[in-house]
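Take a look at the structure set out below.
The values are calculated or read from the model by the stated rules, or taken from the named source; none is laboratory data. Source: prediction; values computed, not measured. Cβ placement follows ideal geometry from the backbone for every residue including glycine, while neighbour counts extend to all protein chains displayed. Accessible surface is based on the protein model in full, side chains and every heavy atom, while ligands, DNA and RNA are left aside. Shrake-Rupley method; radii C 1.70, N 1.55, O 1.52, S 1.80 Å.
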Amino acid sequence: SPVLEVHDLARTYGSGTGSVAALSGVSAAFARGTFTAVMGPSGSGKSTFLACAAGLEPPTSGRVVIDGADITDWDEERRTLLRRERIGFVFQDFHLMPYLSATQNVGLPLRLAGCRPDRAHVRGLLEQVGLGERAGHLPSALSGGQRQRVAVARALVTDPAVVLADEPTGALDSASAASLLELLRGCVDELGQTVVMVTHDPVAAAYADAVIFLVDGRVAGRMEHPTATAVA
Ligand code: ADP
Ligand code: ADP
């Protein structure tokens with residue numbers, strides 16, 4: 001059974017004449033050990049989709065099911081606990097804590113879960129994203145691309161079943177992007193994690209097993225085994 005499912009998801013912002021339907025009737029299922037890209041024009045609902053699927057944002061209607069549990073009506077606190085345990089999220093704007101070093105930022109989800117971060121584990125993740133030399137730096141001392149890679153390492157630190165990443169290569173040069181995508185591919189192939197990644201980049205999407213296309217808040221299509229030229 002899928003590790004993550006959304007059923008007939010709708011999300012409306014605002015009310016009355018000024019309301020915006022960010023998502024309308026989106027359904028999708030993500031099997032364990034799969035890598036899916038979500039593409040679509042700016043404003044098509046990609047970020048909203050990811051935030052709803054993560055339980056970060058409640059949908060206006062529809063259901064979100066994680067590991068068979070329908071979390072839609074769970075309260076904020078219960079969703080937060082589930083998210084900490086099962087989901088790694090890479091925010092588009094990184095959401096790093098400004099007064100914590102790269103190491104401390106990466107270890108934070110473990111601390112929030114009540115665990116003491118394993119130094120070697122955190123160190124290893126920072127090395128995997130190419131930041132072994134920057135481990136002690138504050139976000140303000142890192143480039144945009146380096147911050148983004150800290151955000152990815154932080155999303156992986158709890159070995160979550162599901163990794164949801166909002167444009168995780170958006171701030172990276174092509175070489176950094178390629179190694180990061182290889183890392184995510186490895187999470188899927190070697191660890192059986194499920195990755196859902198919003199991207200604008202056809203080269204990034206080609207690392208995925210499938211692409212879902214959103215247009216105007218609806219699923220407009222799906223492609224298996226995408227290639228960069230096919231999705232461009
Ligand atoms: P994408 O990620 O594809 O660019 P979004 O999910 O960010 O799309 O946005 C989808 C639509 O919802 C857009 O029209 C956007 O302006 C609107 N929207 C997103 N977030 C909010 C918000 N917090 N308040 C009002 N409108 C929003
Ligand atoms: P930024 O992306 O912020 O500009 P740099 O490009 O200076 O940072 O990155 C420093 C080095 O780290 C580069 O040589 C880059 O190729 C390498 N690097 C980036 N991402 C990774 C990664 N995920 N795994 C391994 N090395 C990486």
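Some observations on this one:
- Matching residues, the range 113-127, being part of a helix (DSSP H, G or I), touching a residue at least 24 places away in the same chain (Cβ under 8 Å) and over 20 Å from residue 166 (Cβ atoms): 121, 122, 126
- Residue that is open to solvent by less than 10 Å² (accessible area, probe 1.4 Å), within 16 Å of ligand 1 (Cβ to nearest atom) and modelled with pLDDT of 95 or more, where the choices are 131, 164, 184, 180: 164
- Wholly enclosed strands (runs of 3 or more DSSP E) of the range 1-109 bearing at least 2 residues surrounded by fewer than 17 Cβ atoms within 10 Å (Cβ to Cβ): 4-13, 20-30, 61-66
- Of all the criteria given as (1) of a type in the set (Val, Ile, Thr); (2) under 16 Å from residue 225 (Cβ atoms); (3) crowded, with 22+ Cβ neighbours inside 10 Å; (4) more than 16 Å from ligand 1 (Cβ to nearest atom), the one not satisfied by residue 211 is (4).
Table: residues versus (1) among the charged types (D, E, K, R); (2) within 16 Å of ligand 1 (Cβ to nearest atom).
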site: 50; (1), (2): no, yes
site: 78; (1), (2): yes, no
site: 88; (1), (2): no, no
site: 104; (1), (2): no, no
site: 137; (1), (2): no, no
